[in-house]
Each structure stands twice: as C-alpha cells, then as structure tokens.
Amino acid sequence: MAKDTPDQVPQQRRLLTEIPGPRSRELEARRERAIPKGVSTTLPVFVVRAGPGILEDVDGNRLIDFGSGISTTNAGNSAPLVVEAIREQAALFTHTCFMVTPYAGYVEVCERLNQLTPGDHEKRSFLVNSGAEAIENVVKVARYATGRPGIVAFDHGFHGRTLLTMTLTGKAMPYKRGFGPFATEVYRAAYSYPFRGTGRLADTITMLETSVGAESIAAVVVEPIAGEGGVVVPEPGWLAGLAGWCRDHGILLVADEVQTGFGRTGDWFACEHEGVVPDLVATAKSLGGGLPIGGVTGRAEVMDSVHPGGVGGTFGGNPVACAASLAAIRTIETGGLVERARVIGEAILPRLRKLAAAVPAVGEVRGRGAMVGIEFVRDDGITPDREVTGRVLRRCHEAGLLILTAGTYGNVIRLLPPLVISDELLEEGLAILEEAVTAS
Ligand SMILES: *Cc1c(COP(=O)(O)O)cnc(C)c1O
C-alpha cells in the first residue's frame, strides 16, 4: 500500500457542495468556449489533487475513485515512488529522443516488459506514447514479419482513436460514425460474449477461413477481457482456442493488454489466466503510472524482422515517462498489488452478485480481479437498458463515487478502482453503488 506523504489527500469521502460544485461549473463554462464538444467528460468535476483512492476537486469535494483514469493509475495516483522518480529524472534531462541519443531508462522499461509479459521465450520491446500507437505498431510489425495484409479484430473490441485503431474498434458510436473511410484489410469477427450467447469459437474460425482465408491473415488483435466493450469476459477456453488456431496457421496473436495489464485482473497480464502466450503484446495505460507511454513487446524473431528506422518516434519512451514507468512497476511489485487486485475482486464480486440476484435490472455481474462490469437489462432479462445505467451513474456521482460506464450498448457500469485503494473506501464505495442500483 502506498505510504502517506504530506501531499496526500485525506482518504475520506467529503461532499461540501453539490456535484459538480460552483467552481467546477465555472470551469466547465470556460471549457465549453475553449474545447470542442467532441472531447467529452464522464463527470465534469475539475480535479486539483488525487491518490490513492480519492479525487479532490476545485470545490473541496473528495470523491471515491473507482475509475483509476480508466485503469491507468493501478499503482495509485501520484504514487510516492512515481512522483520521486519523475522529479529526479525531470531535473536531469527531459528529452533527447531515444532515436538520436539513447538513455538507460528506455532499455530498463523494455527489459521489464520482456520479463513481465507472458512466456519465457526471447523477447524484444520498444516504446511509444499511447495505447493506440502501440496497436498501430503491433500491426506494422505483424504485417512486416508475416508478409500478409489481413488483420482480424472483434465485436465489442476497443483499440484506440487513430485511423487504423478506430477501424479495429467495434463500436460505431461514438468512435467511428462520420470518421470514415476506414483502413483496409481489417476483418471483424464475433467476440465471445457468454451473457448474450454470441461468439462461438468454431463459428468464428469457420467465418475467418471461408470469408478471409487464414493464409492472408497477419494477426488477430484481441483484448483478453473487452474493457470498453463492457468488461466482457470471454468463455473459458475461448482465448486459448483462438491462440491455438492462430499458431496452426502462422497467424500472430496480438494481445491488447492496454486496459487489462499491470495487475488489473489479478495477474500481471490477463492472458495469463488462460495460460495464453501471445506473440505480440500492446501495453499503455498503467505502464506509465499516470504518464503517457505505451509498449510493444513481441517474439524476438518477429520484432527483429523490421529494418532499422522502420519503427520509433520523437517522444516514444520519453525519459520522464520511463522513470515513472519503472517506479510504477516497482510500486506494483513491492506493494503486492497483483495479489491485491484479487482481494479487491473477492470483495466486489460476491457482493454485487448478491445484488444481481435481488435486482431484476442487473442482468449480469462479471469480471476478474479489480476489473468488474455490471450489465443492466430490461424486464425481459436481455434487452440492454441504458436509462437505468445512466441513473445509477448519476446517483453514484452525486454521492461522491466516481464510476465509469462501458458497453457496446452503453448499459454496463464499469469498476476499475486503483489497486492501492483502502478497504474502507472500497467498502464505502460499494455501499453507495448498492444503494444506487437498488434505487434505480
Ligand atoms: C485505452 C485503450 C486503448 C487506447 O489507448 P490510448 O492510450 O487511449 O490511445 C487501446 N486498447 C484498449 C484495450 C484500451 O483500453
């Protein structure tokens, strides 16, 4: 657990005004004149400090954080080791461009990625600035290494907002509508979604073999648990079966561990739960302890196939971001946060499943470790209910609990608490959520 520092915000929920308060509303009005609507916000409270389990806003309100900046501050917001590492590195040098003159921090982050990602084969990594950029690059490497054009992505998948990654993303609104034309040679397959009874592996494979042809597929890009898609946990064995099919056909399996990585699901990476060893792994979010950084990790022979200068970038693996990353990884290790994610899951899941049994609007509670989704449905038990989801969200926010929504149908509440959150705040947040669900 993160130790207390003088800067640390008191770990108690506190409501001094309505949510959002007057100062946040003032800033929101300025924001509307300065920033386009396209950049949207889940909860317009303007933050002044945060960590480990609390966000404090400009009105002095203290909200319980069940979002971790979308699973980016697994190690805690402004985690003490991360802050210290950033200060130290920023005072030494802030940038050289690794492609001009290198530095050790970049190498060390890559060494850590090579060690921590699934599989004990020889690996290589390089660093970029975001999850989308990591996915862009795994696709470049996969096409280069295989000499094939096709990329397979899934329904309910989310991979980013650049041209290629929004093409790979499954959901049209808000990610794709009006932003075409899209990248070519991207094929979509059904993701295993047990609650909705879709995405049988045998059907997916038949579809890919007949309508695409295995020999023209470079890579299958898959989230081990679909985060934005609604914390959809595929049927046991689905991912392993997919990996086996890829192996049999010389197709590279790419795990998008951007959201699921770094302890979130109770393993370092979510693939481990299924015993799956991907050929390439994309990381970002909690890799940086809050600073922007992404990683591309893969089999040495695949990664080494690309000619010098074929990948890289000006800011990729920025020295301050690398220092933050090493400190965030160390915080996860020394704090036992991978284990802690399991404990958090064991605290959340049974409680919410009990709630599901009592409230008909809760269709399913699912997740792994500290990554949990609650899917809301109408009386028929299956039709997505966005309205009730919105009411639960609003009630939680008004009570000082930050939660997120997700889901292709916008009917899932998503919980991603920081792994350093105290038992007390976790308990209090769950009580607020239970009340909101019951009342909605
Ligand atoms: C957030 C996310 C991305 C995109 O990452 P950015 O850093 O926002 O570009 C890609 N894949 C998954 C699974 C994500 O959750």
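A few remarks follow.
- Only the Cβ atoms of Lys and Arg (+1) and of Asp and Glu (-1) were treated as charged; on that basis the dipole of the range 254-367 about its Cα centre amounts to roughly 600 debye.
- Put simply, when 285-298, 178-191, 215-228 are sorted by average Cβ atoms within 10 angstrom per residue, most first, you get 285-298, 215-228, 178-191.
- Area projected by the alpha carbon convex hull of the range 81-334, averaged over all directions, nm²: 13.5
- Percent of C-alpha pairs per 10 Å bin, the range 319-440, short to long: 13, 41, 28, 13, 4, 0
- Remark: the range 106-244 carries a charge dipole of roughly 400 debye about the Cα centre, counting +1 on each Lys and Arg Cβ and -1 on each Asp and Glu Cβ.
- Efficiency of FRET between Asp423 and Ala357 - r from beta-carbon atoms, R0 22 angstrom, step 0.05: 0.35
- The simple spin-label model puts a point 7 Å past each Cα toward its Cβ; for Glu32 and Asp304 those points are separated by 5.8 nm.
- With each label modelled as a point 7 angstrom along the Cα→C-beta vector, the Glu339-Ala183 pair spans 4.0 nm.
- Tensor-based shape of the range 70-122 (alpha-carbon gyration tensor, a/c under 1.5 rounded, otherwise prolate or oblate): oblate
- Legend: calculated FRET efficiency, Thr198 to Cys97, from the Cβ-Cβ distance at R0 = 41 Å, rounded to 0.05, equals 0.35.
- Cα-based values for the chain, radius of gyration first and Dmax second, are 21.3, 62 Å.
- The tail of the calculated P(r) for the range 3-153, taken as Cα-Cα distances beyond 18 Å, holds 74 percent of the pairs.
- Once C-alpha pairs closer than 8 Å and six or more residues apart are averaged by separation and normalised to the residue number of the chain, the relative contact order reads 22 percent.
- Normalised contact order of the range 81-334, rounded percent, pairs of Cα under 8 Å and 6 or more residues apart: 31
- Sequence ranges 316-325, 39-48, ranked by mean other-Cβ count within 10 angstrom, highest first: 316-325, 39-48
- Globularity index of the range 226-278 is 1.13 (Cα radius of gyration / 2.2 N^0.38 Å, N = number of residues).
- Three-way shape label, the range 113-207, alpha-carbon gyration tensor, a/c 1.5: oblate
- Between Glu84 and Arg247, the contour length at 0.36 nm per residue exceeds the Cα-Cα span by 54.3 nm.
- Here the Gaussian network model covers the chain, with springs between Cα atoms less than 10 Å apart; of Leu116, Leu416, Leu63, Leu116 fluctuates the most.
- Size of the range 185-278 as Cα extents on the principal axes (Å, biggest first): 37, 28, 22
- Once the 1.4 Å probe is applied to the protein heavy atoms, the chain comes out at 41 Å² accessible per residue.
- Cross-link table Lys171/Lys285; Lys37/Lys354; Lys123/Lys176, entries beyond 32 Å C-alpha to C-alpha: Lys37/Lys354; Lys123/Lys176
- Heavy-atom SASA rank of Glu428, Glu122 (probe 1.4 Å, accessible area, largest first): Glu122, Glu428
- Cα gyration tensor shape for the range 158-236, rounded if a/c is under 1.5, else prolate or oblate: oblate
The values are calculated or read from the model by the stated rules, or taken from the named source; none is laboratory data. Everything quoted here is computed from the prediction, not taken from an experiment. All Cβ positions, glycine included, derive from the backbone under ideal geometry; neighbour counts span all protein chains shown. Keep in mind that these areas ignore ligands, DNA and RNA; they rest on the heavy atoms of the full protein, side chains included. Shrake-Rupley method; radii C 1.70, N 1.55, O 1.52, S 1.80 Å.
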